[in-house]
Amino acid sequence: MAIDWQQLAEKYRKDYIADLTTLVGIDSSRDDSKATKDYPLGPGPAKALIAFLGLAERDGFKTKNLDNLAGYVEYGEGDETLAILGHADVMPAGKGWHTDPFTLTAKDGNLYGRGTSDDKGPALAAYYGLKMLKEQGILPKIKIRFIIGTDEESDWTGMNHYLDLEPAPTLGFSPDAEFPLINGEKGNVTFTSTFTGTNGNGLVLREFDAGLRENMVPRDAEATVENGDEVQLTADFDKFLAAAPVTGDVTADAAGLHLHVIGKAAHGMEPKNGINAGTYLATFLAAQDFGGDAADFLGLLANQLHDDSRANKLGMAYTDKVMGDLTMNVGIMTFTADEGGLINTNFRYPTGTGAADIQAGLAKATADMNVTLKQGREMVPHYVDPSDPIVATLMDVYRQQTGDTTAQPEVVGGGTYGRLMKRGVAFGALFPGTQDTMHQADEFQPEADLLKAMAIYGQAIFELTK
């Protein structure tokens, strides 16, 4: 069957944008403070899942909702299953937007809104690829399951729930990364360093707060300082801001001096793409007269974690010729004089090193501090050989649709649902040369790219199931 996939995708443009408008309009960031039995991760993720499944029900697909944590759309029959894994949850919007993050906004050929790039826009494009097959009357020779998770940006609660109830897929792709294709993903582990809340006899660090999630470079950082020379501190802070690649402001009231730094948010898989407001603020404060745990908290951030995405200062720098560098993101930093503090560090590591080496490096760095170190969830490196038929088929489709005959599969630091499958990869939808705004303010994806991705997904699903 000869199909002009791009021409077919164009016919769905209006419907696709209407459906994306619906999905982007739901703030589907996880909010445990609003969790209920019906909304185990808060209302947003469940509502986005229900909306996604509702689109499929409208289009005549078989669907199943697994306790508002995950769900799937099914098409075709067979003993083997091709899985397409996307997610309906998003990162918190954060500050710095020039449009409403939960209103799809078209501007200069781009579609702005939280989730347009990660992952509602790409996941919906992949769903429309499946829809094209169905509405063309194409019956796959194996079963297809389009699986939707609701907690990819945090703990993968939704997909883990799916795996508790349904057979684990072994073959498929996740439309949650970039083109041409991701056949390898680094390991992923987070460590939390916890401090008690003592201060010395000088300045008092009353509060410090930066970061929203472990896998996001913090855009904003705030601190409240007591017992200092406010005039001198303000002058020193202004001087610091003038020399640093950040902006900020300072105010004073009865509670003390309030310092605010604005950096640049970015995806935690490559911290160099962002500017960490938290470590910059800590660098300024570490030079002041703090003592006790506050001094240790600020000193660790300023002297051993700041502006060092490759963990050189910790003695953990490591590079693998296939998977590349170990990277470190300092995602969450909090401290209060009453409750103490924590520093959350997220590492993406290649084959050849691992959590034990990372923990040893952190333990050495904090050996003289009153710090408790705790390891979080770990995902080991994942790799699918480029000769595997799923890689070869998807690469062939990409090359046909784009004309880029030299494109090669890649290894990245990001973690996608693709790694849940033995023969699983990540496939789109960010094209080479397109600005990566995932986890950032003013997240967007070019409208034309999303339509092109739809065509690629349509042909890819066809070729993998014919």
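Please treat every number below as a calculation from the coordinates, not as lab data. Please read all numbers here as calculations on a predicted model, not as lab measurements. Positions of Cβ are generated from backbone atoms using ideal geometry, with glycine treated the same way; all protein chains shown enter the neighbour counts.
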Quick one: putting +1 on the C-beta of Lys and Arg, -1 on the C-beta of Asp and Glu, what dipole do you get for the chain around its Cα centre, in Debye to the nearest 20? 1340
So what's Rg/Rh here for segment 188-379, counting alpha carbon atoms and using the Kirkwood radius for Rh? 0.98
Taking the Cα atoms of segment 426-466, what is the range of coordinates along each of the three principal axes, in descending order and whole Å? 41, 20, 15
Principal-axis tilt of helix 230-243 within the chain, Cα atoms, nearest 10 degrees: 40
Write down, largest first, the equivalent ellipsoid semi-axes of segment 335-423 in whole Å, where each equals the square root of 5 times an eigenvalue of the alpha-carbon gyration tensor. 41, 14, 11
Distance histogram for segment 375-466 (every C-alpha pair counted, 10 angstrom bins, percent rounded to whole numbers): 13, 43, 35, 9, 1
Simple spin-label estimate for K374/R58, 7 Å along Cα→Cβ, in nm, reads 4.3
Quick one: angle between helix 389-402 and the longest Cα principal axis of the chain, in degrees between 0 and 90, rounded to 10, please. 90
Placing +1 on each Lys and Arg Cβ and -1 on each Asp and Glu Cβ in segment 188-379, then taking the dipole about the Cα centre, the residue among T196, G299, Y349 whose Cα reaches farthest towards the positive end is Y349
Rank these for me by crowding, V371, V204, going from fewest to most other beta carbons within 10 Å. V204, V371
Once a ≥ b ≥ c are taken as the square roots of the eigenvalues of the Cα gyration tensor of segment 1-157, is the result rounded (a/c under 1.5), prolate (a/b larger than b/c) or oblate (a/b not larger than b/c)? oblate
Ratio for segment 286-389, C-alpha Rg to 2.2 N^0.38 Å, reads 1.25
In degrees, nearest 10, the alpha-carbon axis of helix 277-286 is tilted away from the dominant principal axis of the alpha carbons of the chain by 10
Mind computing the radius of gyration and Dmax over the alpha-carbon atoms of the chain? Å is fine for both. 23.3, 79
How many angstrom separate the Cα center of segment 1-80 from the Cα center of segment 128-144? 16
Would you list the P(r) distribution for segment 207-314, with all Cα-Cα distances sorted into 5 Å bins from 0 and each bin expressed as a whole %? 2, 13, 23, 26, 20, 10, 5, 1, 0
So, counting K/R as plus one and D/E as minus one, what does the shell of residues with Cβ under 11 Å around T63 add up to? +1
Cα-Cα pairs of segment 75-115 separated by more than 16 Å (percent): 56
Any of K47/K264; K34/K143; K47/K422; K14/K95; K14/K62; K321/K452 with alpha carbons more than 26 Å apart? Name them for me. K47/K264; K34/K143; K47/K422; K14/K95; K321/K452
For segment 188-379, what relative contact order do you get, as a whole percent, if you take Cα pairs closer than 8 Å and at least 6 residues apart? 34
